[in-house]
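Values in this text are rule-based calculations from the coordinates and carry no lab data. What you are looking at is a predicted structure, and each value in this text was computed from that prediction instead of being measured. Don't worry about glycine lacking a Cβ; one is built from the backbone with ideal geometry, like all the others, and counts go over all protein chains shown.
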Amino acid sequence: MAGRVPRVLVVDDEAVIRQLIVINLELEGFEVHQAADGLDALDKAREIDPDVVTLDVMMPRLDGWATAQRLRADPSTCRARIVFISARTRPADVDRGLSLGAEAYLTKPFDPEEVVETVRRLAAVG
């Protein structure tokens with residue numbers, strides 16, 4: 001990854017939330033791509049090889065839980081760092097997200113600065 005801008009895939013079915021995350025990450029210099037649901041995210045992840053994926057849980061077609069499982073199971077996407085950004089805030093939800101291989105779990109409403117810091121930290125590890 002040395003010498004290249006970290007690539008982030010932002011996955012959320014709500015366009016306004018997706019755009020808020022995208023704008024904040026772009027302002028920090030990340031290369032940002034978007035997907036509106038889990039199935040779209042899997043295709044995009046294979047195409048762009050993201051360093052970090054921000055992932056909503058409740059989405060149509062394929063939820064965030066299943067999307068994370070498939071990202072981890074696919075040799076072409078398993079190295080991406082995953083951060084859930086979800087309105088599901090119960091401890092059991094956080095535990096489930098982390099048990100599926102996510103490196104971080106943020107809750108909505110989120111602080112955009114916390115999202116940027118989390119993505120920066122995870123991209124640096126990769």
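Against the conditions (1) of a type outside the set (Phe, Trp, Tyr); (2) surrounded by fewer than 23 Cβ atoms within 10 Å (Cβ to Cβ); (3) in contact with a strand residue (DSSP E or B) (Cβ under 9 Å, 6 or more places away or on another chain), ASP56 satisfies every one except (2). Restricting attention to the range 13-50 and to residues that are in a strand (DSSP E or B) and in contact with a helix residue (DSSP H, G or I) (Cβ under 8 Å, 6 or more places away or on another chain), the residue that is nearest to ALA68 (Cα to Cα) turns out to be ALA35. Checked against (1) out of contact with any Leu (no Cβ under 6 Å at 6 or more places or on another chain); (2) outside any loop (DSSP other than H, G, I, E, B); (3) of a type in the set (A, V, I, L, M, F, W, C), VAL53 meets all criteria but (1).
The set of residues from the range 75-121 being within 10 Å of THR54 (Cα to Cα) and of a type in the set (D, E, K, R) comprises just one member, ARG81.
Out of contact with any helix residue (DSSP H, G or I) (no Cβ under 6 Å at 6 or more places or on another chain), of a type in the set (D, E, K, R), assigned to a helix (DSSP H, G or I) and over 12 Å from LEU42 (Cα atoms) - does that describe any residue in the range 79-88? No - not one qualifying residue is present in the range 79-88.
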